[in-house]
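These notes are about the structure you will find just below.
The values are calculated or read from the model by the stated rules, or taken from the named source; none is laboratory data. Bear in mind the structure is a predicted one, so any value in this text is a computation, not a measurement. Please note: Cβ atoms are built from the backbone with ideal geometry, for glycine as well, and neighbour counts cover all protein chains shown. Please note that ligands, DNA and RNA were not included when accessible areas were found on the heavy atoms of the full protein model with its side chains. Shrake-Rupley method; radii C 1.70, N 1.55, O 1.52, S 1.80 Å.
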Amino acid sequence: MVEPVAVRRAYIEGIAQRRIRYTLLYSEPAPLSALLDRARAYAREIAGEWGASLCPSELPSLGVLSVGWLGGTLLADLSVCFPISRPLPPDLGLILAAEFREVSICLEPIGPVGPVEGFSRSRMPALRPRGVILRDGVAVVKMRGLYFFARAEARPDPAGGVLLDVARLGCGGVDPLRGLLEARRILRRRDRRA
């Protein structure tokens, strides 16, 4: 298996917001198909960095990260963003055979589009000091410079503070593109109300 000689990380602008780009650099060119095998292995390392599980998905996505937060779930798409991206070209076979020296993987949070498997309840003094903004049943959570999204409902706690119910989402069958569009919709609505 081809191993990268270096990995560069950078924040770049994505479809709805900033995303993190991991660029795997190689000393020798290799067919893209071989580099994608290594990118899939590196995707598991990225999931480990985030303390997340990696749910399978189809190219250009390498998987959907399922990040635990307050007993609930935040989702992020982990996709190849160079030399292929959405939408995939019709001549993908030719591109997979072409040789490259680098592959970039982009991590971008997606809206809460997975099936709900349950809810987790948390008590907190307030939402804003924890970096949480609640909009129409969605918690917008700032984490490591990115905005993540969780299905959530809040109500006053009779003992003081806030009770926050956060959904645990299953990521089987999640459509990352639909999730990216949902994230864009949530962030646009938030910008208009700010």
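For residue 125, the requirement of being exposed (fewer than 14 other Cβ atoms within 10 Å of the Cβ), assigned by the TED database to the domain that holds residue 56 and on the phi < 0 side of the Ramachandran plot is not met. Scanning the range 140-174 for residues being charged (D, E, K, R) and either in contact with a Pro (Cβ under 7 Å, 6 or more places away or on another chain) or surrounded by fewer than 12 Cβ atoms within 10 Å (Cβ to Cβ) (or both) gives a total of 3. Taking the range 83-188 as the region of interest, the strands (runs of 3 or more DSSP E) fully inside it that hold 3 or more residues being of a type in the set (Phe, Trp, Tyr) are 146-156. When the residues of the range 56-82 are filtered to those that are part of a strand (DSSP E or B) and among the small types (Gly, Ala, Ser), the one that is surrounded by the fewest Cβ atoms within 10 Å (Cβ to Cβ) is 68.
At least 2 residues being more than 11 Å from residue 104 (Cα to Cα), open to solvent by 40 Å² or more (accessible area, probe 1.4 Å) and of a type in the set (Lys, Arg) is the threshold, and among the strands (runs of 3 or more DSSP E) wholly inside the range 1-55 those reaching it are 18-31.
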